[in-house]
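I'd like to ask some things about the structure below.
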Amino acid sequence: MITRVVRSALPIDVGPTLAPLRHGRYDPTMRLNASGVWRAVRTPVGAATVRFGGGGHAVVVDAWGAGAAWVCEHADDLVGANDSLHGFAPRDPVVAELHRRRPGLRIARARSVHALLVATVIGQRVTGIQAARSWASLVRRFGERAPGPAGLWLPPSAEQLAALPYYRLHPSGIEQGRADTIRRASIVAVALERTVDAPTVLDARLRSIPGVGPWTSALVCAGAAGDPDAVPVGDLHLPGIVCLTLTGDTRGGDDRMLELLEPYLGHRGRVVRLCVAGGLAPPRRAPRQALVPIADL
């Protein structure tokens, strides 16, 4: 085990900061408990399990495995210690209050594109429950045990997913359209990883992949590259949450959401994160959608 303490000028609330990297409550690659946030990751130099503990202005990072040194080297990015509030000065009292209540909500940079991209593609056009189940199934079928004491699983490698035919993913509830996108993304995974320090370049390369649109690209750029301005346009629920939080009105789609976020250009994704953390959501207008077992079709 390698240990490092990350010092941060801004306070860090580890759980909410890393929450967007967790894909469902039972994500085999990530766990949140009293000891901290645990993640299993593939790094450029090998697999690692990392635990982020503590918080505030000092986060303790414990890492196991061949990639432990890489994790400690990039730990400032991984916990959001390099996040900057430069240019973020909310004059709207609602946004200012949301920020005051959650001073430790940082924008972290996972510095790993492929696993987040695969999980996000899985979330296209299905419910969150279906996406979480498919991700967990994919990881347990094609991933491997992560190093360290947590018993986590590593996500499947890009090489493995690139070589899988569609029908191998169908039992995990992934139909051919998303399976083809995952395979195409896996083929160019190495090139994508090289752009993690340039969110605009990463966004352009992601959108050049057939099957990857603005919603998928924004979520990946936010989580992998730490882009505080990325807004996932095309989300079913997000415009309603943002509009309700900022105006009290549940009406409005993507255009209205972007209009409300315009004053925060450069930090629009940060404001979206604050709105979601605020907990307001429009009331349901219809019964919950029935889950369709894609694997049985």
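The values are calculated or read from the model by the stated rules, or taken from the named source; none is laboratory data. Source: prediction; values computed, not measured. Neighbour counts run over all protein chains shown; Cβ positions are idealised from the backbone, glycine included.
Scan the stretch 64-86 for residues that are closer than 14 Å to VAL5 by Cβ and among the small types (Gly, Ala, Ser) and jot them down.
Residues satisfying the conditions are ALA75, ALA81.
Based on this model, can you work out whether PRO293 counts as of a type outside the set (Asp, Glu), touching a residue at least 12 places away in the same chain (Cβ under 8 Å) and surrounded by fewer than 18 Cβ atoms within 10 Å (Cβ to Cβ)?
Values: of a type outside the set (Asp, Glu): yes; touching a residue at least 12 places away in the same chain (Cβ under 8 Å): yes; surrounded by fewer than 18 Cβ atoms within 10 Å (Cβ to Cβ): yes.
The answer is yes for PRO293.
Within the stretch 16-54, take every residue that is without any contact (Cβ under 8 Å) to a residue 24 or more places away in the chain and in contact with a strand residue (DSSP E or B) (Cβ under 9 Å, 6 or more places away or on another chain) and give me the one that is surrounded by the fewest Cβ atoms within 10 Å (Cβ to Cβ).
Residue satisfying both the conditions and the ranking: SER35.
Listed residues PRO232, PRO228; which is under 29 Å from PRO282 (Cβ atoms) and in contact with a Leu (Cβ under 7 Å, 6 or more places away or on another chain)? Full working, then the answer.
Details: PRO228 fails: in contact with a Leu (Cβ under 7 Å, 6 or more places away or on another chain).
The conditions single out PRO232.
OK, next. Of ARG251, ARG268, ARG194, which residue is of a type in the set (D, E, K, R), surrounded by 15 or more Cβ atoms within 10 Å (Cβ to Cβ) and at negative phi?
Checking each option against the conditions leaves just ARG268.
Residues that are within 30 Å of GLU262 (Cβ to Cβ): which strands (runs of 3 or more DSSP E) entirely in the stretch 1-118 hold 1 or more of them?
2-12
Has the stretch 213-222 got at least one residue that is of a type outside the set (A, V, I, L, M), surrounded by fewer than 15 Cβ atoms within 10 Å (Cβ to Cβ) and out of contact with any strand residue (DSSP E or B) (no Cβ under 8 Å at 6 or more places or on another chain)?
no
Looking at (1) over 28 Å from ALA185 (Cα atoms); (2) crowded, with 20+ Cβ neighbours inside 10 Å, which is the only condition HIS57 fails?
(2)
So, ALA96, is that one closer than 30 Å to LEU280 by Cβ, free of Cβ contacts under 8 Å to residues at least 24 places away in the same chain and among the small types (Gly, Ala, Ser) or not?
yes
Can you list the helices (runs of 4 or more DSSP H) found entirely within the stretch 140-209 that contain at least 2 residues being touching a residue at least 40 places away in the same chain (Cβ under 8 Å) and either in the same structural domain as MET30 (by TED's automatic domain parsing) or within 21 Å of the chain's Cα centre (by Cα) (or both)? Steps first, answer last, please.
On the way: elements: 158-163, 166-169, 176-187, 189-193, 199-207.
Counting at least 2 such residues, we get 158-163, 176-187, 189-193, 199-207.
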